[in-house]
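Below is one structure; the comments refer to it alone.
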Amino acid sequence: MSQNKSDKIESMMDEKRLFAPPAAPSGDRRRPHVNGMDEYLAHRDRADKDPEGFWGDRARQLLDWFTPWDKVMDADMNEPRIEWFKGATLNVAYNCLDRHLTNGRRNKAAIIWQGEPEDDVRVLTYQMLYDEVCRFASVLQGLGVQKGDRVALYMPMIPELAVAMLACARIGAVHSIVFAGFSAVSLQNRIQDCEAKVVVTADAVLRAGRSIPLKVNVDEALKDCPSVERVVVVDRAHSNCAMREGRDMWWHEAMADRTLDTSCPCAKMDSEDMLFILYTSGSTGKPKGVVHTTGGYLAYAAHTTQWVFDLHDDDVYWCTADIGWITGHSYIVYGPLALGGTTLMFEGVPSWPGPDRFWHIVEKFRVNIFYTAPTVIRALMREGAHWTQKHDLSSLRILGSVGEPINPEAWMWYHEHIGHSRLPIVDTWWQTETGGIMISALPYATTLKPGSATMPLPGIDAAVVKPDGTPCGPNEGGHLVVRKPWPGMLRGVFGSPERYKSTYFERFPGMYESGDGARTDEDGYTWVMGRLDDVINVSGHRMGTAEVESALVSHPAVAEAAVVGMPHAIKGEAIYAYVTLSAGTEETEELRAALRTWVRKEIGPIATPEVIQFAEGLPKTRSGKIMRRILRKIASGAGSDFGDTSTLADPGVVQDLIEGRVQLT
Ligand code: 6R9
């Protein structure tokens, strides 16, 4: 464990402050969905005793099904075989759109979009969003996209992205969203892996006052993607990107076709049909295509959105994530829209044109529920609380946090300056693989402890276990696992059943292994410590060390590379790379800069190493395994206390590495 992590844990170990939940808002219409601890405990009790009854009821209450299921759950995590709502049929777009046209929400704002330029605001009512989705679903069908085909979405945060997702869901196509900050190489790998037939993109991304070309990356990626037949391009920035005749078409032209079938019927999907693939970093090799299916995922997204954010019909709800990550999938698009909520979608960055961008938007749209990441809080905290005081934040009711453990200092700042010392903060622990929130407070029920995600949601059997799978005692650190299946869990790693099994279900038979370390305190509160595997959490985003290493060694000057996480005040963790150069290559500042650019280009800006240390050799065991524990220690500034180094082939390298340590400026 790195210095950073142990510091964090120490400060969290001392954390004793308690914050009671606020009184419920008055009025029947605003009665919290889970009102008080007694209701919470009743749900938990029911879910423990009768999980199928509990989840069946929730799925029936929250979604419209074309045909009912034969069995709520048929699962065995040993195999693993996971099926939820077996035999039932439904459609995700129907649940997010069609049904709201006749239940009184037709003219309600489904999406409020704030573009980066202040005046770029679009509001799509449920009717308008429905019309757009039907049109684009017809466009996709016209391009030959059929049920089960994969469509890659590589887009900025614009409403067309949500439209494209729902259009895929409508016709049973599987979307695979690639974060627009990823490079052409990353895009290419993902398209190749899922064999997408169509790519939807935009000419450029508007970000921090600049227009960053995007379509060029698609052109680059498609040099070696034979599965892709057509590309649809949104003209976001009027940047005159190149269009390839016969392959590329403009979104606005395709949508203007008056012969399109604007009532495009919903495909009847089996509950276990694939809804989307989302790639995420693991500890080894290439990113994994996490597979989510229709019924269980949507039921779980809707269920958690309703309970954790207490979403009501007249709320304006804002999750600041990018839809390129799972948080945006579940908590900007699917969860809120399934519930008929109003979801705010934002293009841009928190710091431009000023560090009060978010607070300005909260005031502008009277946001009630605000969900963001600790890295954002820390960055804005550094700019000073006076930026928050310029705005009326009194509309806020609930605050949320996701992506990494929130350190108590950031929690307190969030609570005092954004929550005016009265709002609950739901710190939500979950993963791409879990589909939705797993461990979190419920805003009107749970007493909070800053830095703890509190307790598993009702029906979620999360536990901290020892390496042999038996439960840890109070405050004993161990592996965070889930011992019972839940509807939102992943159903596979695309194209790789072995990797699915070995990554999540092998080490602890019959349980789901999260890869995170945690402890449970004497009150049953969970404190997540971070990854136990070789995954770094940079600004709340997962980055596999193996991915960055493989990008580095693909550079001709590099012989060997080892990458670890180092503590970083804003990002939580940053990337520290140790690089051994090929014989005869000189260690220069130019090369250092070139390697950083190289990684950016290979993977994307989030993978850029903060520090590159040139090293003569790496600390290896006699069997050739790099001892990352030592590298992590050195990166975090330690000069001694390296634990047992007796298995090192050459103990001398440690001292050399300490001497060559690069200080952050
Ligand atoms: C939703 C998301 C998952 C990893 C996860 C853990 C870390 C996320 C957290 C948290 C502590 C929280 N993580 N939320 N750690 N407290 N509230 O972030 O998914 O991108 O797959 O990352 O993020 O380490 O394993 P994903």
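The table below lists the values:
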| item | result |
| --- | --- |
| Test for Ala379: is it within 16 Å of the ligand (Cβ to nearest atom) and over 22 Å from Asp313 (Cα atoms) | no |
| Qualifying positions in region 646-665 - outside any loop (DSSP other than H, G, I, E, B) and either touching a Leu at 6+ places or on another chain (Cβ under 9 Å) or surrounded by 15 or more Cβ atoms within 10 Å (Cβ to Cβ) (or both) | Leu648, Val653, Val654, Leu657, Ile658 |
| Residues within region 554-567 that are in contact (Cβ under 8 Å) with a residue 60 or more places away in the chain and either away from the ligand (no atom under 13 Å from the Cβ) or hydroxyl-bearing (Ser, Thr, Tyr) (or both), tallied | 4 |
| Yes/no for Asp322 being within 16 Å of the ligand (Cβ to nearest atom), surrounded by fewer than 22 Cβ atoms within 10 Å (Cβ to Cβ) and either in contact (Cβ under 8 Å) with a residue 24 or more places away in the chain or farther than 21 Å from Ala379 by Cα (or both) | yes |
| Failed item in (1) in a loop (DSSP other than H, G, I, E, B); (2) within 13 Å of the chain's Cα centre (by Cα), with Asp313 passing the rest | (2) |
| Residue within region 279-291 that is more than 18 Å from Ala184 (Cα to Cα) and modelled with pLDDT of 95 or more present | yes |
| Matching entry among Glu522, Glu506 (being acidic (Asp, Glu), free of Cβ contacts under 8 Å to residues at least 12 places away in the same chain and either away from the ligand (no atom under 12 Å from the Cβ) or outside any strand (DSSP E or B) (or both)) | Glu506 |
| Ser283, sole failed condition from (1) part of a loop (DSSP other than H, G, I, E, B); (2) crowded, with 23+ Cβ neighbours inside 10 Å; (3) small (Gly, Ala, Ser) | (2) |
| Helices (runs of 4 or more DSSP H) enclosed by region 161-274 - at least 2 residues per element that are closer than 29 Å to Glu118 by Cβ | 215-221, 251-255 |
| Residue in region 413-422 that is within 12 Å of the ligand (Cβ to nearest atom), surrounded by 23 or more Cβ atoms within 10 Å (Cβ to Cβ), touching a residue at least 24 places away in the same chain (Cβ under 8 Å) and not in a loop (DSSP other than H, G, I, E, B) present | no |
| Selected residue (criterion: surrounded by the fewest Cβ atoms within 10 Å (Cβ to Cβ)) from residues of region 198-233 that are farther than 14 Å from Phe182 by Cα and touching a Ser or Thr at 6+ places or on another chain (Cβ under 7 Å) | Ser211 |
| Some residue of region 538-553 being within 11 Å of the ligand (Cβ to nearest atom), under 18 Å from Val290 (Cβ atoms) and part of a loop (DSSP other than H, G, I, E, B) | yes |
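The values are calculated or read from the model by the stated rules, or taken from the named source; none is laboratory data. Note that this is a predicted model, so its numbers are computed, not measured. Because the Cβ atoms are built from the backbone with ideal geometry, glycine has one as well, and the counts that use them run over all protein chains shown.
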